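Read the structure below first, then the notes.
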Amino acid sequence: MQAAGDILEIQSSAERFAALKAMYFSGRRDATADFIATWEAEAPTDPFLRYLRGCIARHQLAPG
């Protein structure tokens with residue numbers, strides 16, 4: 001997996017999505033939220049960003 005500092009250097013939205021999804025589900029949720037906020041400032045309508053936010057929202061709403 002990419003080092004945390006390198007995630008925002010990834011140019012491909014698909015690769016960035018995969019790295020941040022892996023980071024979120026490995027328990028690094030605060031760091032993931034920071035990267036998502038930065039990505040959202042760069043490209044608020046990126047489909048992979050919207051899909052990542054949807055995956056996270058669905059996970060948060062899932063019954064324990």
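The values are calculated or read from the model by the stated rules, or taken from the named source; none is laboratory data. Here the structure is a predicted model, which means the values were calculated and not measured. Every residue, glycine as well, gets a Cβ built from its backbone with ideal geometry; the counts of neighbours run over all protein chains shown. Each accessible area value is taken on the protein alone, full model and side chains, heavy atoms only, with ligands, DNA and RNA left out. Shrake-Rupley method; radii C 1.70, N 1.55, O 1.52, S 1.80 Å.
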First in segment 45-64 and within 22 Å of E15 (Cβ to Cβ), second anywhere and of a type in the set (S, T, Y) and part of a helix (DSSP H, G or I), Cβ under 7 Å, 6 or more apart: D46/S13; F48/S13; I56/Y24
Close pairs from segment 1-22: first modelled with pLDDT of 70 or more, partner exposed (fewer than 14 other Cβ atoms within 10 Å of the Cβ) and aliphatic (A, V, I, L, M), Cβ under 6 Å, at least 6 apart: A22/M1
Residue match in segment 38-55 (condition: within 15 Å of D6 (Cα to Cα), modelled with pLDDT under 95, part of a helix (DSSP H, G or I) and open to solvent by less than 80 Å² (accessible area, probe 1.4 Å)): yes
